[in-house]
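To start, the structure itself, in structure tokens.
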Amino acid sequence: SNEPSNWRATATLQEALREAGVPALAGVDTRALTLLLRSRGTQKGYLSVEGTVGPEEAVRRARAWEGLDNQDYASRVSVSEAYPWDPDGSRTRTFGHPADLPAADLRVVAYDFGIKWNILRILRLCGMEVEVVPAATPAAEVLARRPDGVFFSNGPADPAAVTYAVRAARDLIGRVPLMGICLGHQLFGLALGGRTYRLKFGHHGCNHPVRDLATGAVEITSQNHNFAVDPESLDRATVDVTHVNLNDGTVEGLAHRREPMFCVQYHPEAAPGPHDPRHHFARFRALMGR
């Protein structure tokens, strides 16, 4: 049925998508597509909503696409200028968050490689005043702001291509407390001398089990990435693998053995969830001594 079933809805899904200019796809044999991806890995695709591109031309355009490997998409989605997150608190209070926000007693600089608003909301809800900076901001400019901590965000495509961010991470490690999520996790892995590699079909969805190797606890996590850190490439005298994916054993978390730095491959801020890993934001506060 095209009729909405939620009492709060003001339009059908089709109407809402059309108004927002968002294309949608229906009538696909999703089971067949899943089997194809599981056997052959990630595929290139071409979608057209105009009805003017035939199958042969669509396949040609898909094959001609540059893909994700060796591509820096983070610079394409990042902001062009630094800005303070939500000075009046209005964005943080959306979606039922408390009207009285906690005092912001910590100052954090967040690198935007494709950062999600809910990350910024939760940082503010944890008492952090956040300034968002462009992806290519040098470490020296960040340190000049004298932050209590620096956050490396999620983002798209190949971490090995985001060389300027790897340099910034390398320069920041040991200078200021650091937290990273997803692409940020991969950038820290590279900054610590590790390597990243392409997964066959990536990790996507909200039900990935991850084990904390220190406690044995298992978190159900939300994930969306196509690359991973190679554990064999890491210097274990410098960095600990803290979390692993129970589906395939891939690295899901790292921590520096001497400096205040940790990162996770999954998304602890995921909305609508799961919320098992949200404690990592409190861990960031503790890393900053609060």
What tally of residues in segment 108-118 results from selecting those that are among the β-branched types (Val, Ile, Thr) and open to solvent by less than 20 Å² (accessible area, probe 1.4 Å)? 2
Which numbered condition trips up residue 12, out of (1) touching a helix residue (DSSP H, G or I) at 6+ places or on another chain (Cβ under 6 Å); (2) surrounded by 13 or more Cβ atoms within 10 Å (Cβ to Cβ); (3) not aliphatic (A, V, I, L, M)? (1)
Looking only at segment 234-262, filter to residues that are among the hydroxyl-bearing types (Ser, Thr, Tyr) and either open to solvent by 20 Å² or more (accessible area, probe 1.4 Å) or touching a Phe, Trp or Tyr at 6+ places or on another chain (Cβ under 9 Å) (or both); which one of those is farthest from residue 277 (Cα to Cα)? 238
Out of 62, 20, 82, 58, which single residue is touching a Phe, Trp or Tyr at 6+ places or on another chain (Cβ under 6 Å), more than 24 Å from residue 197 (Cβ to Cβ) and without any contact (Cβ under 8 Å) to a residue 60 or more places away in the chain? 58
Identity of the residue in segment 154-175, in a loop (DSSP other than H, G, I, E, B) and not aliphatic (A, V, I, L, M), that ends up most open to solvent (accessible area, probe 1.4 Å): 175
Considering only residues that are among the acidic types (Asp, Glu) and under 17 Å from residue 147 (Cα atoms), which ones fall in segment 87-113? 105, 112
Residues of segment 178-206 being touching a residue at least 40 places away in the same chain (Cβ under 8 Å) and farther than 14 Å from residue 254 by Cα, which ones? 198, 199, 200, 201, 202, 203, 206
Being farther than 15 Å from residue 288 by Cβ and part of a strand (DSSP E or B) is the filter here; which residues of segment 108-130 pass it? 111
Counting only residues in segment 197-233 that are surrounded by fewer than 19 Cβ atoms within 10 Å (Cβ to Cβ) and among the hydroxyl-bearing types (Ser, Thr, Tyr), the one nearest to residue 116 (Cα to Cα) is identified as 197
From 150, 130, 142, 162, which residue is more than 23 Å from residue 287 (Cα to Cα), at pLDDT 95 or above and not acidic (Asp, Glu)? 162
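The values are calculated or read from the model by the stated rules, or taken from the named source; none is laboratory data. No experiment lies behind these values; they were computed from the predicted model shown. Note that each Cβ is placed from the backbone with ideal geometry, even for glycine, and that neighbours are counted across all protein chains shown. For accessibility, only protein heavy atoms count, side chains too; no ligands or nucleic acids. Shrake-Rupley method; radii C 1.70, N 1.55, O 1.52, S 1.80 Å.
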